[in-house]
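Here is the structure we will look at, set down as structure tokens.
All of the numbers you see were taken from the coordinates with simple rules; none came from a lab. Computed from a prediction, not measured in an experiment: that's the story for all the values here. In this analysis, Cβ positions are derived from the backbone assuming ideal geometry, glycine residues included, and neighbour counts consider all displayed protein chains.
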Ligand SMILES: Cc1cc2nc3c(=O)[nH]c(=O)nc-3n(C[C@H](O)[C@H](O)[C@H](O)COP(=O)(O)OP(=O)(O)OC[C@H]3O[C@@H](n4cnc5c(N)ncnc54)[C@H](O)[C@@H]3O)c2cc1C
């Protein structure tokens, strides 16, 4: 058995690792010259700077970290909230807390009626949640969640609450996550950075093809042929972890899906700053707004302090300068910008494209096909969910 994997992000490298452990031959195709996708640690003069994924939420991921012998720490992050004049304010007012105490159990009850529970790691049946999150929250009188909590979704790159469908929003930002966010629970950080996970997952994978453009993926009887600019190879199965250009996959359902999948632009700016406490600071007035700094976090590495700031939107020089300016106005002395990185995150379908049986039809199709979609194309896009979903997929598809 020989399996090809398209995309060397967390999902692709985890699949490769799990397949290799089962004695299955793997070949990984990656369009960039580096592995990791949205897991990207910049090692700058021994400093660990996370440009992509920073934290993990679940217990499941510890199992992988232990297996790979990767050191991690769990810690509380201290949080500041700033108003439009860069003054410190409370996260939630007394009235907002009272409203949330009434609304959150009600939301929990409503979600229980749908199939998107915190227990599912893949996207499943959709029922009637195909309306924008803001509309869903208004319909059910969940106004405080709408005003105070939902804008955090945009701050993490999931898009405007007027556009993102309740289906995705409530899958990703479920009630448990909302509670955990309000309480400020401990988070798990990988000491040497997320790229350490990718490095260790890739250790025994001898066939990784870098900077390669896949032009064609086509079934040939029971097998699948992959054509690149330079060669053609035939595999028993192909696992696709990422959106591919139109018409690369010669399969009408997958090709239709690729045409409909959308992503959101998101920016990370990393700075070296003057000494500063470890803190995460939210710009309360900006939450939910495009092309504005949403939040930043700072941490100490050796004798340096690193600050990483995030904005939802497309970053050019004026936006990066505005982010730098806002950080300065918050009382921080910026020494210099280390790097700014544009991302495109969270593969999803926009309203109108998502149908009730969409992910169900996809799952059924995958059972028959030698070409399968895995990772954030079909599962909730956080490392912990991806870990469980990919592991489940490999366990059942390659018993
Ligand atoms: C700034 C930022 C912060 C984040 N923070 C967190 C966090 O703290 N916690 C968390 O759980 N999640 C976080 N996420 C989300 C998380 O990083 C992603 O959900 C996860 O890394 C997705 O992994 P993946 O392997 O499914 O996809 P990707 O990481 O997107 O990997 C896909 C890979 O496919 C490659 N590729 C694309 N097109 C082709 C092609 N045509 N041919 C071959 N290869 C191709 C890409 O280069 C990439 O390497 C964050 C994301 C960003 C951008």
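Taking the Cβ-Cβ separation of residue 275 and residue 341 as r and a Förster radius of 25 Å, what is the calculated FRET efficiency to the nearest 0.05?
Computed FRET efficiency for residue 275 and residue 341 comes out at 0.55.
Over the chain, what is the mean sequence separation of C-alpha contacts under 8 Å (at least six apart), divided by residue count, expressed as relative contact order in percent?
Relative CO of the chain lands at 25 percent.
When the chain is modelled as a GNM with alpha-carbon springs shorter than 10 Å, which of 67, 103, 32 fluctuates the most?
Looking only at 67, 103, 32, the largest GNM fluctuation is found for 67.
For the chain, what is the percent of antiparallel DSSP beta bridges, rounded to the nearest 5?
Here the share of antiparallel DSSP bridges comes out near 75 percent.
For residue 314 and residue 1, what is the calculated FRET efficiency with R₀ set at 30 Å and r taken between the beta-carbons, to the nearest 0.05? Working shown, then result.
Working: r = 42 Å, r/R0 = 1.41.
Here the calculated transfer efficiency is 0.10.
Where in the range 328-365 is the amide nitrogen less than 20 Å from a point lying 7 Å along the Cα-to-Cβ axis of residue 162?
Hits in the range 328-365 for residue 162 at 20 Å: 349-353.
Express in whole angstrom the spacing between the alpha-carbon centres of the range 57-78 and the range 1-52.
About 18 Å separates the Cα centre of the range 57-78 from the one of the range 1-52.
With r defined as the distance between the Cβ atoms of residue 43 and residue 210 and R0 fixed at 25 Å, what FRET efficiency is calculated, to the nearest 0.05? Show your work: numbers first, answer last.
On the way: r = 19 Å, r/R0 = 0.75.
After rounding to 0.05, the efficiency reads 0.85.
Mean-square fluctuation check for the chain, GNM, Cα pairs under 10 Å: which of 83, 128, 303 is largest?
In this elastic network of the chain, the residue with the biggest mean-square fluctuation among 83, 128, 303 is 303.
Based on other C-beta atoms within 10 Å, arrange 360, 343 from fewest to most. Before the final figure, lay out the partial values.
On the way: 360 15, 343 19.
Going from least to most buried by this count: 360, 343.
Per 0.36 nm of contour for each residue apart, how much would the distance between residue 300 and residue 72 grow if the chain were fully extended, relative to their Cα-Cα spacing?
80.5 nm
Given only helices, namely DSSP H runs of n ≥ 4 each adding -39500 (n - 2.57), what is the per-residue ellipticity at 222 nm of the chain, to the nearest 500 deg cm²/dmol?
For the chain, the value works out to -9000 deg cm²/dmol.
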